[in-house]
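This report concerns only the one structure given below.
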């Protein structure tokens, strides 16, 4: 499949491009530059690349200091070690001063696969979203990753962009217009809406096709920016289709599902079904096996759609 | 070093101690002991060593100061006010709702504050980042940070110590305000951090040990640090918590306690104030 590409690969490419365009871009990694793809930048701009060793707390503080010195630091490691290990450093040293630091972890979610639960971050969106001043994004594919990274570099302030390990199908083409804080209707429909983020958007597109064959017209709204959340597109979907299924490669607690439920409970009460990791840790296995194991396949989404529609 | 320079700095430190005590008496909230132990170093930095411009806090050529032990914010605030970053009257608004003088240093609201501190153990990492950034810009500016000795119990300090040595940050000078007390008691009993200088030397730093209340020694150490190349320098300054006010000295109880009315009077007398000097 030629249109398959990992979001981390797109990140490595665009980061090196940005490095050539702007000498203020600096990059930090915690001994995972081969995996996070910051190695592409490292090879081209070694003087602006800082390997901080296996010490994420210090990496976050160092990035905050570089930002205080006028640089635009991008820092990468796996999602669990950025958001999890260094949460309070991100809060104190980055978000509280509104430092211009871009936190771009890879290996988010359960599709990390064989490494298992210790390495599968299923809470990072929730805990990053809870921090004031923080912008949280989860791109759907390589095309959107390039645009999100460029937008983050141009934006002044803290940003968290969660990327994935594995190749994912393209959802967007080059005509796609990306804007921080704006959702996008990927599939139109009138009977219910999938509100999705990250790689779950491609799954929802397939689920919408399954439902179409049953005569159900499902809408798919992709939310790349979970914070600030695009309330308008969600309320519009709720009012026009009357039933919502959220889907994310993350705990159903506090992530996209939580954010959408908060939005709709206040603005437009609507039946909601949250699809995600059901308050469990991850486990070892192949990524595609884990997608089935945790109920994140198009078939699972279609079933959730049928269920939520009974509550309309 | 001219003797009169030392005398002028000593008098400044005394004046700033008076200001700290008055500020904390007014706020009735804040950290007395650690502000008084650090103030001689803060004085030497703001009124002698550092290049800075109160009229232009963002001046590119400035040296950077990070108060990693952010609870000693009153020590930094009185130095900033005395330097002219903001009116001295503002000190009376410390910790009040809407004040630009937050309980712990906040770069968003206080002119002259470079980063946010208060959660211990993070200042050295930020100092490292600034030092790396300055080096990328071929700047001759230097970075100073003051940590507490209790603060060294935070693991991140040692990650940062490793990194500063790894990147040979000789534009960085860290000072430890070693007052040997923390909230729960003696540092040596709560969680011993000694020997501090030896540990940093083992991590690849230059380390100097001084009396943190001897102004001539502080100045000499800061000058020496500037000339030590190839490694970052640590200055371990032995201090007395609450220094200068006899009723507060060496008392862990005064870590986070402010002077009441009668303690204020005693403190001011202790600092050489009297009706005649008009500093009551």
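The values are calculated or read from the model by the stated rules, or taken from the named source; none is laboratory data. This structure is a prediction, so every number in the text was calculated from the model and none was measured. In this analysis, Cβ positions are derived from the backbone assuming ideal geometry, glycine residues included, and neighbour counts consider all displayed protein chains.
Yes/no per residue for (1) surrounded by fewer than 16 Cβ atoms within 10 Å (Cβ to Cβ); (2) part of a loop (DSSP other than H, G, I, E, B); (3) at pLDDT 95 or above:
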position: A:180; (1), (2), (3): no, yes, yes
position: A:185; (1), (2), (3): yes, no, yes
position: A:195; (1), (2), (3): no, no, yes
position: A:204; (1), (2), (3): no, no, yes
position: A:207; (1), (2), (3): no, no, yes
position: A:210; (1), (2), (3): no, no, yes
position: A:215; (1), (2), (3): yes, yes, yes
position: A:229; (1), (2), (3): no, yes, yes
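Scanning the range B:14-44 for residues that are part of a helix (DSSP H, G or I) and either free of Cβ contacts under 8 Å to residues at least 24 places away in the same chain or surrounded by fewer than 24 Cβ atoms within 10 Å (Cβ to Cβ) (or both) turns up B:14, B:15, B:18, B:19, B:22, B:25, B:26, B:27. Of all residues in the range B:93-133, those being within 7 Å of chain A (Cβ to nearest Cβ), free of Cβ contacts under 8 Å to residues at least 40 places away in the same chain and in contact with a strand residue (DSSP E or B) (Cβ under 9 Å, 6 or more places away or on another chain) number 3. Examine the range B:135-153 for a residue that is within 8 Å of another protein chain (Cβ to nearest Cβ), at pLDDT 95 or above, farther than 17 Å from residue B:174 by Cα and surrounded by fewer than 24 Cβ atoms within 10 Å (Cβ to Cβ), and state whether such a residue exists. Yes, the range B:135-153 has at least one match. Given the structure, is residue B:80 over 27 Å from residue B:236 (Cα atoms), more than 14 Å from chain A (Cβ to nearest Cβ) and at pLDDT 95 or above? So residue B:80 does not fit the description; no.
Of all residues in the range A:18-38, which are surrounded by 18 or more Cβ atoms within 10 Å (Cβ to Cβ) and either part of a helix (DSSP H, G or I) or not assigned by TED's automatic domain parsing to the domain that holds residue A:66 (or both)? Hits for the range A:18-38 are A:18, A:19, A:33, A:36. Kindly indicate whether residue A:247 is in a helix (DSSP H, G or I) and in contact (Cβ under 8 Å) with a residue 12 or more places away in the chain. Taking the combined requirement at face value, the residue does not satisfy it. For the range B:264-280, the set of residues classified as touching a helix residue (DSSP H, G or I) at 6+ places or on another chain (Cβ under 8 Å) and modelled with pLDDT of 75 or more consists of B:264, B:267, B:268, B:271, B:272, B:273, listed by residue number. The set of residues in the range B:156-171 that are more than 13 Å from residue B:199 (Cα to Cα), surrounded by fewer than 19 Cβ atoms within 10 Å (Cβ to Cβ) and within 11 Å of chain A (Cβ to nearest Cβ) comprises B:166, B:167.
Okay, residues lined up against (1) assigned by TED's automatic domain parsing to the domain that holds residue A:245; (2) within 30 Å of residue A:232 (Cα to Cα); (3) surrounded by 14 or more Cβ atoms within 10 Å (Cβ to Cβ):
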| site | (1), (2), (3) |
| --- | --- |
| A:276 | yes, yes, yes |
| A:286 | yes, no, no |
| A:293 | yes, no, yes |
| A:304 | yes, yes, yes |
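Across the range B:144-198, what is the number of residues that are assigned to a helix (DSSP H, G or I) and touching a residue at least 12 places away in the same chain (Cβ under 8 Å)? The number of residues fulfilling the criteria is 21.
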